[in-house]
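J.: If you scroll down you'll find the structure; I have some questions about it.
The values are calculated or read from the model by the stated rules, or taken from the named source; none is laboratory data. Source: prediction; values computed, not measured. For neighbour counting, all protein chains shown are included, and Cβ atoms are generated from backbone atoms with ideal geometry for every residue, glycine included.
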Amino acid sequence: MAGLRKMPIKLSPPPEPVAEQATAKYRRVFEYLHGHIQSGALKAGDRLPSEAELGKLFDASRITVAKAVLDLHAWAWCREDRAQARMCWRHK
């Protein structure tokens, strides 16, 4: 596919969680990535940040991040290429 960005792009840091916000970490990771896809910061073909990068960003385990990315995959917002890199699949 021509015109795909192969390097991950630098995303803004996540918002600080509000004390009364009882959202699960994986859900915050999901909403963070989903929000960047919907806003156009991540476009179709862009690589998602690695699980390790997202884990550091959210102070979460790779298992937690993987659950969020699997949810994105289930909703067809991302996919994996042959090299197992996760990429944004669609932008609305």
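J.: How many residues, within region 54-92, are at pLDDT below 85, in a helix (DSSP H, G or I) and of a type in the set (A, V, I, L, M)?
T.: 1
J.: Condition test on E51, is it within 9 Å of the chain's Cα centre (by Cα), at pLDDT 90 or above and among the charged types (D, E, K, R)?
T.: The answer is no for E51.
J.: Considering only region 56-67, state which residues are in contact with a helix residue (DSSP H, G or I) (Cβ under 9 Å, 6 or more places away or on another chain) and under 14 Å from L11 (Cβ atoms).
T.: Listed by number, the residues that qualify are L57, F58, V65.
J.: Which one is nearest to the chain's Cα centre (by Cα), of the residues in region 34-48 that are among the hydrophobic types (A, V, I, L, M, F, W, C) and buried (at least 19 other Cβ atoms within 10 Å of the Cβ)?
T.: My answer is L48.
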